[in-house]
Amino acid sequence: MRDLLRVFGLWLILTLLGEMVALQIPFPPAMASEARVVDEAFRYLLIVGTPVFTFVLSVLFYSLLRFRAAGDPPEDGPPVFSHTPGALAWLAVTSLLALSLVIQPGLRGLMELGWMGPFSGSAAADGEGTLVVQVQARQWSWLFTYPQYQIQVKDRLVLPMGRPVRFEITSRDVVHSFWIPAFRLKIDAVPGRTTLLVLTPSRPGRTAVEPTLRVQCAELCGTGHAAMTATVEVVPADQFAAWVDQQRKQ
Amino acid sequence: MSALREGHAIAVPLRVPRFGLWLFLLSESMIFATLLSARFILQGTYRPAELNQALGLAITLILLTSSFTANRAEIAIAHGKTSTFLRNLLATIILGILFLIGVVAVEWPEAMHFAPPSSGYGTVFFTMTGMHAAHVFSGVVILSLIYRLGRRGAFGPGRMWGVEGAVKYWHFVDIVWVFFYPALYLVR
Amino acid sequence: MGGMPSPFRIGMWVFGGLLGLTAMEIAAANALPRPLPALAVLGVAKAGLILWFYMHLHQLWEEEE
Amino acid sequence: MRAFFPIGRGLLGGGLGYLIGAGMIAALRGQGLTAEPALAVGYGLGLIGWLLGVGMWEVWVREWLGWPVHQEEDRSWVRYFRFTTDHKVIGVQYLVTFLGLMLVAGLLAMLMRLELMRPGLQLFSRNQYNTVMSLHGIMMIAVAVATIVGGLGNYLVPLMIGARDMAFPRLNALSYWLVPPAALALLSTPWLGGFDSGWTAYPPLSEANASGQVLFNLAFITVGLSSILGGLNFLTTIAFLRAPGMTWSRLPIFVWSIFATSILSLIATQFVAVALLMVLLDRILGTGFFDPARGGDPLLYQHVFWFYSHPAVYIMIIPAFGVILEILPHFARKPLFAYRWAVGGFFGIVGLSFLVWAHHMFTSGMPSWLHAPFMATTELISVPTGLIFLSALGTLWQGRLWLRTPMLVALAFLANFLIGGVTGIFLADVPTDLHLQDTYFVVGHFHYTILGGMIFALVAGLYYWFPKISGRMYNERLGRIHALWFFLAFQATFLPMFGLGLYGMNRRVADYPSYLAGGNMLVSMSAFVLGASFVFLIAHLAYAWARGPQAADNPWRARTLEWQTTSPPPVENFPILPRVIGDPYGYGVPGSPYAWIAVAGGEGE
């Protein structure tokens, strides 16, 4: 009984310390509004995961210190073979924990992100203001087409701030993956099909200043995989319009 | 030492190799299950109209009959009727060879116009029939070895694991075709 | 082994059953608009006959003879 | 000279087989000996030639032809180089081969970390890096799949259940001898342009790259075949060859873990074989399984591949759980807590492992409605895994912990796998996985489970059973130093990877943006220290095997059967087969023997 109380105390202390760390862990800059869902899910898992982690660690540490034999143990421990109520309780707690994590942050996050339907990726945002960008991945570069403005650029993605962007992603050759770390979400570019990603850039920035704001291929695609990046610029709406005009003149 | 090892080998009851063979067949069936699923995933229930239905039915009947004769061979040797055993085993081998001729020498040349580089159905058709034919071929080889041993009097009631194993494998190959035939020739 | 219906005769009946089921498969394929479910059931039945009577699946949970 | 006769003959047979197969195809098609069709046929015939040469001719073909089989048994060290059927020799063959392979693959990892120490390209071209990374991956996968099962499993399962050998001793030898040609094929890929598609070999990339890919696929299929045959053998052995009185509930937990694993390798491995075969057919015969222009689908490969390759991680980790749960009771001097629950945990994992494969594909472009069910099944895996932890912690609680090296490494395993498990939740949960997929977070996670888990268990098992296998004792002080060194270097190497991944370091890259330089430098430096710990381990064990003091038959005062015979055991394992009458872990129960072993004189235990 004394042992149980002490290990409980150890668990409380370690959990407290752990939660302090978990609440402090800094994330890379979140530059799209969808990134918030991912970061909140991450933080939530950290907070829920910490007590589980510290529980096992406390029992492990406590046993190591308290039940250590000086050398070759002269006698055996108590012959406890099992403890059915304990095992059932353990089973119930782990099952409930696992199920709760499926619901929050799992299903809830999927719902918020609009990733629940028969499509491959985000639910299509079809609103008036949605900017459509067709992304074609190829070995080893990115081709961005803005069908609403009839412009095409290579390895450079310019996006207006605060406007939802629907990326329609495909590949010309092998499987690639479209990922902007600062925006969090990623999805593969698969030859023969189109995948969708809806992102709303929420802060201005560009790759040279913020390196996590870059398009990075995230699926091994051959020799040039590591270098298959594109620069990203998020600019205010008027600057975007000016950029579009300038591109169309070329 | 070697006497001990041999003694061990003899002492193993028949259900040990039998269980092992069943496990092997279970494992093998996963190959065919994957190919069967791939056929429906990639092609749905599409089937080209120009498949040779008469030939498909003919080779199916040949393979079913070979299972029948294989079964007779197994029963015969269990009852010590060696000549019936050999006769039926030989019939099984010949039917197996006929099946192979039917698939590889008749059906494949006819099906060449939807051969792989051009059509998706060809991809699954040739892979499935090819994988199955490879198993039929290995079955024919095994049965031939058994036939050779059988002619030397290697088998009889109570010492027929070789026959039983080979025949079980042959029936397994037949079961695969039981599923492949409708999947390739009959679905719409 | 042995017994009244001789194993040879069982083999014959099973073979007849397999032929009959094959005939039903062809009939189903020609008559039904979507023959896949019927074909699946018939295929399982054929495989079951072979497994049980030709491959002696039951031996697995029988005591050593 | 005599020792290398079978291997020499195998190499000759393999070479001849390759020349005949490749030559035939080359002549038919008017291409070179290393064109892809020639390569594939040559490999197939070469494999057969190797097997016949190495010993299958004597033990199998002669029997099929009705000729007398003659098999030479040799008790000197030469037996380790021969096609023998003694499960203990085969176990050692597996262990040595795969530890060697692990050192080679570890060296490749060191080269990768050398390249990644700084941004930019220093050591390799991009293509060379990809080949090195892919080779490291597949070789370590093979090590993880086969070392505990093939090595420790082969050596110990018959001993632990009181059998003389495996159910199919010759098949067992075949399973082992399939491995060397596969290793040889993998190591020769760099001369065929390498293969740069990782161990996952996703098409279309794996259908468009250099010809090394063909050898990779063939080698993978060969190792898979070996794993299938091994699984079949273990299942039959455990089902039928248990000693009298060895009921299912008296089975040591390690045997249970091998049983559960064998179900997985028997059933699941065929799927990866078919997936790789489809890639080969697409490459060589022009089928279009994965070509969307011809009715194919690249995602079909990913589904079939992960239908094996997710269960494969349980093929790696369940035997590791088995080793750890086996070690804990003997060193805690306490019965294994909740034995039945732990066995249930194994089978829970086996069952669930077939229902979770698509969690590798959350970002693959598969329909989004598949995410929720696969997320749910994946999270549920933590429930049976939790039972393993319940058993481990319950065993430690109020025990008399005897902190010898095997125990220390086993405790380190628990800490490592805990981190591996908790970080797995982040990858199972789709919203976080959409960011973390294909980053160093994943790399960190699976190294915590496979290196921190499976390899730590292997090391614990090596220390634990070393006296039994070698008949010698390792040095306890060196063992403890190594345990600490190994554990700390491991943490320093892989903990920073979670941060790197979160901040945008994606995996399988030869180069990275310069803002990630600090973390990578730290990882590289620690990795070198970690690599050195492996060299230290192997050198220590090799030295102990040659020069160590004689070991007692049962230095750990353990109850299970393998410790009731001599160290090392005689060829027939037990002079007379033991009779099991009690619980394998009945520590602390007064007067409860586990087994009754009659010795030549008729004395009891």
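The values are calculated or read from the model by the stated rules, or taken from the named source; none is laboratory data. Quick caveat: nothing in here was measured; it's all calculated off a predicted structure. Reconstructed Cβ throughout: ideal geometry from the backbone, glycine too, with neighbour counts over all protein chains shown. Side chains included, ligands, DNA and RNA excluded: accessible areas come from the protein's heavy atoms. Shrake-Rupley method; radii C 1.70, N 1.55, O 1.52, S 1.80 Å.
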task: Scale the Cα Rg of chain B by the rule-of-thumb value 2.2 N^0.38 Å and send over the ratio, two decimals.
output: 1.18
- prompt: Cα to Cα, under 14 Å, and not fewer than 8 places away if on the same chain: which aspartates and glutamates meet these conditions relative to C:K46?
  reply: B:D174, C:E25
- prompt: Kyte-Doolittle mean at least 1.0 and Cα extent at least 20 Å along the axis: which DSSP H helices of chain A qualify?
  reply: A:2-24, A:35-66, A:84-101
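Could you size up the charge dipole of segment D:85-596 around its Cα centre, putting +1 on the beta carbon of Lys and Arg and -1 on that of Asp and Glu, and report it in debye to the nearest 20?
Taking the Cα centre of segment D:85-596 as origin, the dipole is about 1440 debye.
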- line: In segment B:15-186 the accessible area split gives carbon plus sulfur, as whole percent at 1.4 Å, a share of 70 percent
task: Send over the semi-axes of segment A:131-249's equivalent ellipsoid, whole angstrom and largest first, taken as the square roots of 5 times the C-alpha gyration tensor eigenvalues.
output: 22, 16, 13
- request: Over the protein assembly as shown, average the accessible area per residue using a 1.4 Å probe and give it in Å², no decimals.
  value: 36 Å²
query: Using a 1.4 Å probe on the protein chains only, how many percent of the accessible area of segment D:483-605 belongs to carbon and sulfur?
result: 68 percent
- request: Would you work out if the protein assembly as shown is rounded, prolate or oblate? Take a ≥ b ≥ c from the square roots of the eigenvalues of the alpha-carbon gyration tensor; rounded if a/c is under 1.5, else prolate when a/b is larger than b/c, oblate otherwise.
  value: oblate
statement: Among residues of segment D:332-348, a drop of 30 Å² or more in 1.4 Å probe accessible area, assembly relative to the chain on its own, occurs for D:R333, D:K334, D:P335, D:F337, D:W341
- request: For the protein assembly as shown, give the magnitude of the charge dipole about the Cα centre (Cβ charges: +1 Lys/Arg, -1 Asp/Glu; no others), in debye to the nearest 20.
  value: 1060 debye
task: Could you check how much of the accessible area of chain A is carbon and sulfur, as a whole percent, using a 1.4 Å probe?
output: 64 percent
message: For segment D:154-274, what does the relative contact order come out to in percent, with C-alpha contacts under 8 Å and a separation of six or more?
response: 35 percent
query: To the nearest 10 degrees, how steep is helix C:7-31 against the longest Cα principal axis of chain C, on a 0 to 90 scale?
result: 10 degrees
task: May I ask which residue of B:I175, B:S37, B:A76 lies farthest towards the positive end of the charge dipole of segment B:15-186, with charges of +1 (Lys, Arg) and -1 (Asp, Glu) on Cβ and the Cα centre as origin?
output: B:A76
- request: Give me the orientation-averaged projected area of the Cα convex hull of segment D:85-596, in nm², one decimal.
  value: 22.7 nm²
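Using a 1.4 Å probe and counting only protein heavy atoms, how much accessible surface gets buried when B and D come together, both sides summed, in Å² to the nearest 100?
By this definition, chains B and D bury close to 3100 Å².
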message: Charges on Cβ only, +1 for Lys and Arg, -1 for Asp and Glu, centred on the Cα centroid of the protein assembly as shown; of D:W199, D:P570, A:F167, which one is farthest towards the dipole's positive end?
response: D:P570
task: For segment D:424-470, list whatever residues lose no less than 20 Å² of accessible surface once every protein chain is in place, relative to that chain by itself, with the probe at 1.4 Å.
output: D:I425, D:F426, D:D429, D:P431, D:T432, D:L434, D:H435, D:D438
task: Just check chain C against the gyration tensor rule for me: Cα atoms, a ≥ b ≥ c as the square roots of the eigenvalues, rounded for a/c under 1.5, and otherwise prolate or oblate depending on whether a/b exceeds b/c.
output: oblate
message: Using +1 at the C-beta of Lys and Arg and -1 at the C-beta of Asp and Glu, which of A:Q148, A:S82, A:V190 has the Cα lying farthest in the positive direction of the dipole of chain A?
response: A:Q148
task: Enter the angle in degrees (range 0 to 90, nearest 10) between the Cα long axis of helix B:82-100 and the first principal axis of the Cα atoms of chain B, meaning the one along which they spread out most.
output: 20 degrees
query: How about segment D:17-124: which GluC sites (Glu not before Pro) there lie in a loop by DSSP and see at most 15 other Cβ atoms within 10 Å?
result: D:E72, D:E73
Threshold 40 Å², segment D:390-405 residues less accessible with all protein chains present than alone (1.4 Å probe): D:L390, D:L393, D:W397, D:Q398, D:R400, D:L401, D:W402, D:L403
Cα-centre dipole for chain A with unit charges at Cβ (Lys and Arg positive, Asp and Glu negative), debye to 20: 440 debye
- line: On protein heavy atoms with a 1.4 Å probe, the accessible surface that disappears when D meets A, both sides summed and given to 100 Å², is 7500 Å²
- line: For chain A, averaging the sequence separation of alpha carbon pairs under 8 Å that lie six or more residues apart and dividing by its residue count, the contact order in percent is 19 percent
message: Could you put D:D511, D:D429, D:D553 in order of accessible surface area, largest first, with the 1.4 Å probe and the full protein assembly present?
response: D:D553, D:D511, D:D429
- prompt: What is segment D:138-180 by shape, rounded, prolate or oblate, if you read a ≥ b ≥ c off the alpha carbon gyration tensor as root eigenvalues and call it rounded for a/c under 1.5, prolate for a/b larger than b/c, and oblate otherwise?
  reply: oblate
field: Helix-only [θ]222 nm of chain D, DSSP H runs n ≥ 4, -39500 (n - 2.57) each, per residue, nearest 500
entry: -21000 deg cm²/dmol
